[in-house]
Amino acid sequence: MRSSSCKYLQLNYQPNLFRRLALLKNYVMYQQFLLINQKHNLESYQRNSKSYLRQN
């Protein structure tokens, strides 16, 4: 009984673990994307404000 319940737990736990890892990976990639996007927006804003200040 004990060994079979242990196997059952391992089988049940493993996919959950992989799912959590995948979610974590997606979350990290999304955060990196947000950071890169923010940086890009900031750089383009700075460029635009510089050119705007030169024009006026």
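The values are calculated or read from the model by the stated rules, or taken from the named source; none is laboratory data. Since this is a predicted model, take the numbers as computed values, not measurements. Because the Cβ atoms are built from the backbone with ideal geometry, glycine has one as well, and the counts that use them run over all protein chains shown.
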**Asked** Taking the range 1-16 only, how many residues are modelled with pLDDT of 70 or more and surrounded by fewer than 10 Cβ atoms within 10 Å (Cβ to Cβ)?
**Response** 2
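Being in a helix (DSSP H, G or I), loosely packed, with under 10 Cβ neighbours inside 10 Å and either at pLDDT 90 or above or not small (Gly, Ala, Ser) (or both) is true for just one of Arg54, Arg20. Which residue is that?
Details: Arg20 fails: loosely packed, with under 10 Cβ neighbours inside 10 Å.
So the residue among Arg54, Arg20 that is in a helix (DSSP H, G or I), loosely packed, with under 10 Cβ neighbours inside 10 Å and either at pLDDT 90 or above or not small (Gly, Ala, Ser) (or both) is Arg54.
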